[in-house]
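The values are calculated or read from the model by the stated rules, or taken from the named source; none is laboratory data. Every value quoted in this text rests on a predicted model; they were computed, and no experiment measured them. Every residue, glycine as well, gets a Cβ built from its backbone with ideal geometry; the counts of neighbours run over all protein chains shown. What goes into the accessible areas is simple: the full protein's heavy atoms, side chains included, and nothing from ligands, DNA or RNA. Shrake-Rupley method; radii C 1.70, N 1.55, O 1.52, S 1.80 Å.
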Amino acid sequence: SAVISQKPSRDICQRGTSLTIQCQVDSQVTMMFWYRQQPGQSLTLIATANQGSEATYESGFVIDKFPISRPNLTFSTLTVSNMSPEDSSIYLCSVGSVAELFFGEGSRLTVL
Amino acid sequence: AQSVTQLDSHVSVSEGTPVLLRCNYSSSYSPSLFWYVQHPNKGLQLLLKYTSAATLVKGINGFEAEFKKSETSFHLTKPSAHMSDAAEYFCVVSDLVGGYNKLIFGAGTRLAVHP
């Protein structure tokens, strides 16, 4: 198993600003995943972050809007850039494999 | 591409009564299927998974699910609901995309348990 800590747990942001979410894992992992959960909806994969390489983004998500860093095997950040109210969501960090994923508690962002 | 459909967005049961959360999948091959649970303000947790072994899968907290290929279903059940079971439940299928596996989440079913 893995213990995942995310910061911030929640935030209220102004339109047009950017916010960086941090994800810390208690063990070294190769792949980290970032998901978005919009209000009342399911989880959608934003990107996969491998240490030492560029993140791989899913269809509909771009690096300019959601830049990701992966400086080492236990840490990653996701930035939500130039936010709009449509970005109000829970953002979840995840590690593991297709056999089992472990999730952080999420970062709940509200954009006004 | 694989997909999952959770047939009920909300299910409400009384404590001590059975729970049934329905999930249908579409697949061009034998899939891996999962149920995850998300308690309020908590991260998701794996309840159980099916990976082509026994069709009846037992998970944590008394939950189980049966893989029925003829019905393309993977319904989640529990004989007796507990108040602590109130949460959001996601049916998930593994899909092979671009040469690697990724998880496709259903829309979720919110389970309410009443005294």
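A few points about this structure:
- Of all residues in segment A:1-60, those satisfying the criterion of being among the acidic types (Asp, Glu) and free of Cβ contacts under 8 Å to residues at least 40 places away in the same chain are A:GLU54, A:GLU58.
- Residues that are farther than 26 Å from B:ALA112 by Cβ, more than 10 Å from every other protein chain (Cβ to nearest Cβ) and either in a loop (DSSP other than H, G, I, E, B) or not small (Gly, Ala, Ser) (or both) are absent from segment B:3-25.
- Matching residues, segment A:1-28, being in a loop (DSSP other than H, G, I, E, B) and either at pLDDT below 90 or open to solvent by 50 Å² or more (accessible area, probe 1.4 Å) (or both): A:SER1, A:ALA2, A:VAL3, A:SER9, A:GLN14, A:ARG15, A:THR17, A:SER18, A:ASP26, A:GLN28
- Scan segment A:87-112 for residues that are closer than 12 Å to A:GLN38 by Cα, within 9 Å of chain B (Cβ to nearest Cβ) and open to solvent by 10 Å² or more (accessible area, probe 1.4 Å) and the total you get is 1.
- Counting only strands (runs of 3 or more DSSP E) wholly contained in segment B:31-106, the ones carrying 3 or more residues that are buried (at least 18 other Cβ atoms within 10 Å of the Cβ) and in contact (Cβ under 8 Å) with a residue 12 or more places away in the chain occupy B:33-38, B:44-50, B:73-78, B:87-97, B:100-105.
- Residues that are within 11 Å of another protein chain (Cβ to nearest Cβ) and part of a loop (DSSP other than H, G, I, E, B) were ranked within segment A:40-67; the one that is most open to solvent (accessible area, probe 1.4 Å) is A:SER59.
- Some residue of segment B:102-115 being modelled with pLDDT under 90 and more than 27 Å from A:PRO39 (Cα to Cα): no
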